[in-house]
1. Working only within the stretch 151-191, note down all residues that are in a loop (DSSP other than H, G, I, E, B) and touching a helix residue (DSSP H, G or I) at 6+ places or on another chain (Cβ under 6 Å).
2. Any chance the stretch 152-173 includes a residue that's over 21 Å from Gln49 (Cα atoms) and aromatic (Phe, Trp, Tyr)?
3. Only one residue in Phe143, Phe202 is on the phi < 0 side of the Ramachandran plot, of a type in the set (Phe, Trp, Tyr) and in a loop (DSSP other than H, G, I, E, B), so which one is that?
4. Considering each of Arg114, Arg148 in turn, give the residue that is assigned to a helix (DSSP H, G or I), among the charged types (D, E, K, R), surrounded by fewer than 19 Cβ atoms within 10 Å (Cβ to Cβ) and at pLDDT 95 or above.
5. Somewhere in the stretch 68-81, is a residue surrounded by fewer than 21 Cβ atoms within 10 Å (Cβ to Cβ), closer than 26 Å to Tyr179 by Cα and over 19 Å from the mean Cα position of the chain (by Cα)?
6. Taking the stretch 126-140 as the region of interest, how many residues are under 16 Å from Lys108 (Cβ atoms) and in a helix (DSSP H, G or I)?
Amino acid sequence: MKKKYFWLFAYTVAIIAISAVCTTKWIEYFVLNSNDQEMLIDYGANAPQSSPLKESTPIVEVFSYGCHFCEKNEANVDALEKTLPAGQKITRLHINDGNNGWLSATAKIYATLRVMGIEDNYRSKLYDLVINKKADITNAEQFDQWLRENNIDVTAFRNTEKSEQVKQLMDYLQSVTRYYKVSGTPAFIVNKRWVAFQDDEFPAFGKKLVTLSESNAGKSN
């Protein structure tokens, strides 16, 4: 009987030991060695001078029409903009990785509508089209139908899409995306120096952005 209990005890201890080792290895591999996204990245005091950003606005949001969190935060970013000092605003730039990746696939639509001067009027509808309706924006016929439904001149859109202005804007979006190594959205560039990713709910996160933009360390030249 004693031998039976001994082997039962030994078996239990062995199982516990094996479980402990497996758990330790799991933590080391998946947790301690994980490369999580930094929530605030400082590109250094010289970043404002070397940055390709042309906007003088203190906060620039890099977004995508295919980004659910960007859509969710649209009203919050609008509200944040209203809290900024008179004359200041938040600029929205579409991510463009140059490879037509998932988030960048709608960059040319943004660029075309922005050159036409109407992008902000249709941003919410484009979020809905891409995220909720899951439209195939690569299908020209289907997208042209969306343009007509929203009273956007199809010929004007297609001509603008092929213009040098749109090409230059696409190049600009790509230079900003690559300089700040933005691979996820929304990303907020503050004073051309910092890139902040959302780590809190609005309006608390918005207050952090404003505080950072007003700090001496974050000031751009």
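1. Scanning the stretch 151-191 gives Thr185, Pro186, Asn191.
2. Yes, the stretch 152-173 contains a residue that is over 21 Å from Gln49 (Cα atoms) and aromatic (Phe, Trp, Tyr).
3. Checking each option against the conditions leaves just Phe202.
4. Going through Arg114, Arg148 in turn, just one is assigned to a helix (DSSP H, G or I), among the charged types (D, E, K, R), surrounded by fewer than 19 Cβ atoms within 10 Å (Cβ to Cβ) and at pLDDT 95 or above: Arg148.
5. No, the conditions are met nowhere in the stretch 68-81.
6. Residues that pass the stated criteria total 4.
The values are calculated or read from the model by the stated rules, or taken from the named source; none is laboratory data. Everything numeric in this text was worked out from a predicted model, so none of it was measured. Counting neighbours? That spans all protein chains shown, and the Cβs are built from the backbone with ideal geometry, glycine included.
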